[in-house]
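All remarks here apply to the structure that follows.
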Amino acid sequence: MAKITPSALLGLVLVLAAAAARPLSLETVEPRPFGYTVGDLLERRLLLDPARDGNLDPASLPKPGRSGRWFQLRAVTPLPDGARLAYQIVNTPLQPDQENLPSLELRVIGADGRARDAAIGPFTVTLMPVIHMGAYDVVHFADLRPDLDPQPIDTSNRRKRVLAYAAALLALGAVQLAPMLARRLGWRRAGPFARAWRALRRGPLRGEDAAARRSGLSRLHQALDEAAGLTLAQDNVEALFRAQPWLAPARAQVEALLAQSRAAFFGDAAPPPRAQLCSVAAQLASLEGQRR
């Protein structure tokens, strides 16, 4: 069996003494020291280096409950590198005042199983009463600071999405409305005979009954009146060709239509058939288009 020499024993004693004398690395992260009132929560963080000093003994941590007149310990949360203590302010001063979070007596269990005591001193915070400070109130207190402005929220991405959705919606609406607008604009730019021809080709004037044929004849009369600049009849048909000489190729068809119109409106004759109305309207619209 190897003998332990006095020098080796002395060295071991010195190493153990140095380890025992080495201070703990226990630190605290305290809350801000000002700007609290009744109901606010404060958090103290205890930090320890487990590899160097070991771990806090959970049995040495304070238990939740009332701590003096001003604070209540709401929660104690052990952590791998220490612990978190959550305090709540449960009273309000009559004027700005300073109070201390309580001191702590803790125990640290080292890697060798040895226990060491550690003390955490009190921490002072400023408490404010629940009052409204008017324009003439002056608070002489060193720890009071102006309120922080709220950080602006970045809405650039949301604005871009809204603009993109709006552009897509406008484009979709334009695609849907463009044909209808084109038809309406084309209708307004077209001459009276082109409009009459379109009305005879579609819509309620397409029927073959007497009422529909009479309505189609009236629509063609409106176009003739607009082209002549007066109410046209068989007696004053010359006014049409004087005002619009380019209609001369359709003179015979117009005069025949006016004769049938007089017989239909002022006699017992039936209105001209729809095929005849469409033929006359198409011929007049064609001459109108050539003139344009």
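Brief remarks on what is shown
- Residue-level analysis places P150 among those that are in a loop (DSSP other than H, G, I, E, B) and modelled with pLDDT of 85 or more.
- Candidates L258, L232 - the one that is assigned to a loop (DSSP other than H, G, I, E, B) and touching a His at 6+ places or on another chain (Cβ under 9 Å): L232
- When L94, L41, L48 are checked against the criterion of being closer than 18 Å to P129 by Cα and modelled with pLDDT under 90, L94 stands alone in meeting it.
- When L24 is tested against (1) in a loop (DSSP other than H, G, I, E, B); (2) modelled with pLDDT of 90 or more; (3) not β-branched (V, I, T), just one condition goes unmet, and that condition is (2).
The values are calculated or read from the model by the stated rules, or taken from the named source; none is laboratory data. Note that the coordinates shown come from a computational prediction; the quantities given were computed from them, not determined experimentally. Glycine gets a Cβ as well: all are built from the backbone with ideal geometry, and neighbour counts include every protein chain shown.
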